[in-house]
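The values are calculated or read from the model by the stated rules, or taken from the named source; none is laboratory data. Nothing here was measured: the structure is a model prediction, and the numbers come from that model. Here the Cβ is made from the backbone with ideal geometry for all residues, glycine too, and neighbour counts use every protein chain on show. Note: areas computed on protein heavy atoms with side chains; ligands, DNA, RNA excluded. Shrake-Rupley method; radii C 1.70, N 1.55, O 1.52, S 1.80 Å.
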Amino acid sequence: MIPPNSSLAPSLTPHAAPPPDLAGGDEHYTFGDSATASWRLALLAALFETSSARLLRMLSYRRPRQAVDLGCGPGWSTRLVHALLAPAQTLGLEISADHVARARAAAPPGVEYRVHEVNSVPFPGAAPDFLYSRFLLTHLRAPAQTLTAWGEAAAAGALLVLEETAEIACPHPAFGRYYELVDELQASYGQSLRVGATLAVPPGSAWATELDLCAPLALPAPRMARLHALNIASWRHDPYARASFDGGELDRLAAQLEAIAAGADAAPPVRLVMRQLVLARR
């Protein structure tokens, strides 16, 4: 078992994290909300805490009055934002009542969670002057419309921090095939695995670009392989996956990934480029 990166990362036990972050409403979350999907979210949070914390520390000169974590899930990212930026109040918004219940159980002082669809504005409470979103826009069909709506809900001068995958690749064939399948699955629902590559300020929105970074990450193959094997177990029951993908191939691919995770097969690091976009509300 791989230890978390810090006390802010989730404990990596199968029951530690509830189901994944969702946009809610009529959006389709391809990775499901089973116990297996919950476990994969714990791994995801631990893998990306370091890069997210680095970005948030760059913005530590801000002392927000009201911070909002959009699609907060079980609240790991909410607590990270609160710990590093020290807002007067931090609000995690999530459509799943189960996610919110679990997040509330571990909420530190100054952090609150609400059941709320992230595409629905205005948000509960005061207009936020700091908004954070990680790996959420990749699961939405119309991210530009969502960003425009968030601009309408934010206070003047607010910052919006976005983190999304722009590129992801590994020369090992198991990883290559996995990314091909996820590309196809998400595209069937109008979503994009690499939405970070095309993120931009929507025309006519209230946002202006404050900071635009592409952070290259080298992620350990065993940890990413374990994450992807769990992903397959989550999304293989999706209606599109059941109709379009061969179950035998998924079994073989999952076994290949598990072999990499266990150290029985070697693979180079997964190269991921994280698009980190900071927008300011005009």
> Would you pick out the residues in the range 102-123 that are outside any strand (DSSP E or B) and either open to solvent by 60 Å² or more (accessible area, probe 1.4 Å) or on the phi > 0 side of the Ramachandran plot (or both)?
Replying inline: Arg102, Arg104, Ala105, Pro109, Gly110, Pro122
> Of all residues in the range 86-101, which are more than 20 Å from Phe130 (Cβ to Cβ) and surrounded by fewer than 18 Cβ atoms within 10 Å (Cβ to Cβ)?
Replying inline: Ala97, Asp98, Ala101
> Taking into account only those residues within the range 52-74 that are open to solvent by less than 10 Å² (accessible area, probe 1.4 Å) and in a helix (DSSP H, G or I), which is nearest to Leu272 (Cα to Cα)?
Replying inline: Ser52
> All but one of (1) open to solvent by 40 Å² or more (accessible area, probe 1.4 Å); (2) within 21 Å of Pro171 (Cα to Cα); (3) out of contact with any strand residue (DSSP E or B) (no Cβ under 6 Å at 6 or more places or on another chain) hold for Ile260; which doesn't?
Replying inline: (1)
> Among (1) among the aliphatic types (A, V, I, L, M); (2) open to solvent by less than 40 Å² (accessible area, probe 1.4 Å); (3) within 19 Å of Gln89 (Cα to Cα); (4) under 21 Å from the mean Cα position of the chain (by Cα), which single condition is Ala155 missing?
Replying inline: (4)
> What pairs come up if the first residue lies in the range 32-54 and is under 16 Å from Val161 (Cα atoms), the second is modelled with pLDDT under 75, and their beta carbons are under 7 Å apart, counting only those six or more places apart or on different chains?
Replying inline: Glu49/Asn5; Glu49/Ser6; Glu49/Leu8; Glu49/Ala9; Thr50/Asn5
>> Can you confirm whether Met224 is closer than 23 Å to Tyr189 by Cα, touching a Cys at 6+ places or on another chain (Cβ under 9 Å) and either surrounded by 20 or more Cβ atoms within 10 Å (Cβ to Cβ) or aromatic (Phe, Trp, Tyr) (or both)?
In response: no
